[in-house]
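**Q** Dumping the structure here so I can ask a few things about it.
The values are calculated or read from the model by the stated rules, or taken from the named source; none is laboratory data. As the structure is a computational prediction, the values presented were derived from the model and not from experiment. Here Cβ is always computed from backbone atoms with ideal geometry, including for glycine, and neighbour counts include all displayed protein chains. Ligands, DNA and RNA are excluded from the accessible area calculation, which covers all protein heavy atoms including side chains. Shrake-Rupley method; radii C 1.70, N 1.55, O 1.52, S 1.80 Å.
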Amino acid sequence: MMNRTLPRKLLGSMCGISSRRLSFAQSAVNTVQTQKELIKSRELEKDELRPLYMDFQATTPMDPRVLDAMLPYQVNYYGNPHSRTHAYGWESESAMEKARKQVADLISADPREIVFTSGATESNNMSIKGVARFYKAKKKHIITTQTEHKCVLDSCRILEAEGFDVTYLPVKNNGLIDLKLLQETIRLDTSLVSIMTINNEIGVKQPIKEIGHLCRSKNVFFHTDAAQAVGKIPINVSDWKVDLMSISGHKIYGPKGVGALYVRRRPRVRIEPLQNGGGQERGLRSGTVPTPLVVGLGAACEVAQQELEYDHKRVTLLANRLVQKIMSEIPDVVMNGDPDQRYPGCVNLSFAYVEGESLLMALKDVALSSGSACTSASLEPSYVLRAIGADEDLAHSSIRFGIGRFTTEVEVDYTVEKCIHQVKRLREMSPLWEMVQEGIDIKSIKWTQH
């Protein structure tokens with residue numbers, strides 16, 4: 001086939017991404033550069049309606065039942081839960097311990113194994129740095145994956161700077177880890193394996209039970225970041241052989257600024273605390289426990305346990321509705337991640353020949369997020385999508401749809417309708433799409449950069 005040399009141009013990019021483009025697309029480039037200015041945060045106009053919320057992996061609205069439980073401790077019961085000499089402290093302590101049991105019950109743990117934190121980021125930092133530093137005299141090897149949350153990866157990089165050896169396991173194209181590779185990677189000096197339960201970007205669910213049993217057989221501690229899993233799928237830390245588990249309040253319809261860390265008692269896991277002080281939370285996390293927030297976390301866990309089965313069925317129904325409608329109307333749409341081993345409420349789709357950030361702008365009346373993790377300082381697509389081997393073009397064209405407890409069928413249908421319309425409109429503007437329709441093999445073209 002004749003080799004074609006064409007200039008590489010930008011169309012539909014809002015973050016300086018080098019999408020492949022033809023020179024005659026310059027007018028479209030100017031349009032998109034104008035859109036780039038519009039993506040900056042702003043206040044809604046006086047009569048402008050708020051967008052529909054379809055970003056439940058980022059955060060969730062607080063369940064009204066959670067707010068009801070919290071309010072008394074914001075106003076009337078304001079005692080320090082660590083004050084042991086009067087009723088104000090006793091009331092708050094009782095509420096705190098009730099919340100601890102509510103969190104423990106959701107994951108089938110002992111309440112004494114629950115440590116309250118400020119959120120999953122702190123829990124992840126405590127687990128990884130805490131275990132590594134406590135056992136560093138004998139073990140200096142950590143294992144994690146390339147698709148973990150940034151706070152896990154950054155914690156591991158900090159440990160590398162301290163002299164630890166960290167292995168970042170690759171994942172298969174479906175986003176799942178290779179258990180055989182994990183087994184081969186575990187060494188005699190491995191102290192910890194940290195692998196998330198459900199990925200926050202593509203929704204894949206790792207084989208946590210199998211990983212847990214493997215780690216236990218090798219005498220290696222196992223930590224999992226379950227921020228996206230707790231309250232959404234059934235969890236039993238004993239069956240799973242999990243030693244440490246991170247939990248976030250605002251991912252399960254609870255308040256922001258609070259989370260928990262499960263730390264196994266038998267066999268005992270020792271961690272070095274990140275912060276020191278009054279020795280609260282069994283000396284693992286000093287600082288006054290915020291009673292209203294932990295009450296909210298406990299209530300959110302209790303509600304999640306009551307609603308778990310119903311929520312999962314309903315979210316599955318809505319997710320299937322969204323995916324089927326979009327894929328039946330638009331060609332060249334790819335779902336990222338394993339189609340079966342996944343949490344249905346996190347749907348990550350790549351729309352070929354459409355820039356993800358441009359589609360987000362076009363869908364401004366729906367609150368979504370791009371899978372391309374686009375920032376003004378980075379030209380790179382999402383590291384999660386790169387790790388599963390997605391083409392760079394597809395990685396830049398991904399959108400994450402988050403469906404949750406309060407999502408309605410009407411919202412899903414509206415989002416689908418708008419998405420279909422805008423994808424078709426953006427493709428009509430794309431010279432690449434036109435070339436594909438003419439039967440030209442885009443990958444055979446040799447592009448030059450100007």
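**Q** Return the inverse of the average 1/r over all pairs of distinct C-alpha atoms in the range 308-439, which is the Kirkwood hydrodynamic radius, in Å to one decimal.
**A** 15.3 Å
**Q** Pairs LYS209/LYS251; LYS256/LYS418; LYS180/LYS218; LYS136/LYS241: which are spaced more than 25 Å apart, C-alpha to C-alpha?
**A** LYS256/LYS418
**Q** Can you compute the charge dipole magnitude of the chain about its Cα centre, using +1 on each Lys and Arg Cβ and -1 on each Asp and Glu Cβ, nothing else charged? Give it in debye, rounded to the nearest 20.
**A** Magnitude of the dipole: close to 1280 debye.
**Q** On to the next question. How about the range 97-141: which GluC sites (Glu not before Pro) there lie in a loop by DSSP and see at most 13 other Cβ atoms within 10 Å?
**A** Listed in order of number, the matching sites amount to none.
**Q** Then there is this: Taking the Cβ of SER123 as the center, what net charge do the other residues with Cβ under 15 Å away carry, scoring Lys and Arg +1 and Asp and Glu -1?
**A** Working: positive: ARG100, LYS129, LYS150, LYS251, LYS256, ARG264, ARG282, ARG285; negative: GLU113, GLU122, GLU148, ASP154, ASP225, ASP243, GLU272, GLU281.
Residues near SER123 contribute 0 overall.
**Q** While we're on this one: Just to confirm a number: summing +1 for Lys and Arg and -1 for Asp and Glu over residues other than GLY389 whose beta-carbon lies under 14 angstrom from that of GLY389, what do you get?
**A** My count for the surroundings of GLY389 gives -3.
**Q** Now, a different point. ³J(HN,Hα) across the range 403-412 via Karplus (A = 6.51, B = -1.76, C = 1.60, θ = phi - 60°), whole Hz, x for Gly/Pro?
**A** Values, residue by residue: 10, x, 4, 9, 6, 10, 4, 4, 5, 5 Hz.
**Q** Springs between alpha-carbon pairs under 10 angstrom, Gaussian network model over the chain: which of GLN437, GLN275, GLN324 fluctuates most?
**A** Highest fluctuation among the options: GLN437.
**Q** Just by accessible area at a 1.4 angstrom probe, what is the order of TRP90, TRP240 from largest to smallest? Walk me through the intermediate numbers first.
**A** Numbers: TRP90 135, TRP240 25 Å².
Output order, biggest surface exposure first: TRP90, TRP240.
**Q** A follow-up question, please. Label LEU44 and GLN146 with points 7 Å out from Cα along Cα→Cβ: what is the distance between them in nm?
**A** For the pair LEU44/GLN146, the computed spacing is 4.1 nm.
**Q** Skip the ligands, DNA and RNA, and give the accessible area per residue of the chain with a 1.4 Å probe, whole Å².
**A** Accessible area per residue, the chain: 46 Å².
**Q** Name the residue from MET245, PHE221, ASN348 whose Cα lies farthest towards the positive end of the charge dipole of the chain, charges +1 on Cβ of Lys and Arg and -1 on Cβ of Asp and Glu.
**A** Of MET245, PHE221, ASN348, it is PHE221.
**Q** Considering only GLU411, GLU309, GLU184, give the residue with the highest GNM mean-square fluctuation for the chain, with springs between Cα atoms whenever their separation is below 10 Å.
**A** Result for the chain, Cα springs under 10 Å: GLU184 fluctuates most.
**Q** What is the set of long-range amide H partners of THR167 at a cut-off below 5 Å, with H atoms built 1.01 Å from backbone N?
**A** Sorted by chain and number, the residues that satisfy this are ILE142, ILE143, THR144.
**Q** Of ILE107, ILE247, ILE440, which has the largest mean-square fluctuation in a 10 Å C-alpha GNM of the chain?
**A** Taking springs between Cα atoms under 10 Å, the residue moving most is ILE440.
**Q** Still on this model: ALA229: net charge of surrounding residues, Cβ under 10 Å, Lys/Arg +1, Asp/Glu -1, itself excluded?
**A** +2
**Q** Taking a 1.4 Å probe, which of ILE186, ILE143 shows the most accessible area, and what order do the others take after it?
**A** ILE186, ILE143
**Q** Still on this structure, I have one more. Taking Cα pairs under 8 Å and at least six residues apart, what relative contact order does the chain come out at, in percent?
**A** 23 percent
**Q** Hey, another quick one. Roughly how big is the range 308-439's charge dipole about its Cα centre, with Cβ charges of +1 (Lys, Arg) and -1 (Asp, Glu), in debye to the nearest 20? List each step's numbers first, then the result.
**A** On the way: 13 positive and 20 negative charges, 86 e Å.
It comes to approximately 420 debye.
**Q** Let me ask another. For a quick check: with amide H placed at 1.01 Å from N, whose amide H comes under 5 Å from LEU52's, ignoring anything fewer than 5 positions away on the same chain?
**A** When sequence neighbours closer than 5 places are left aside, the close amide H contacts are VAL366, ALA367.
**Q** At a 1.4 Å probe radius, carbon and sulfur cover how many percent of the accessible area of the chain?
**A** Here carbon and sulfur together make up 51 percent of the probe-accessible area.
**Q** Once you place label points 7 Å from the Cα toward the Cβ at ALA87 and ILE440, how far apart are they in nm?
**A** 8.1 nm
**Q** Given the Cα-Cα distance of LEU308 and GLN324 and 0.36 nm per residue of separation, how much length would full extension add, in nm?
**A** 3.4 nm
**Q** For the range 397-449 and the range 162-197, write down the distance between their C-alpha centroids in whole Å.
**A** Measuring centre to centre over Cα atoms gives 35 Å.
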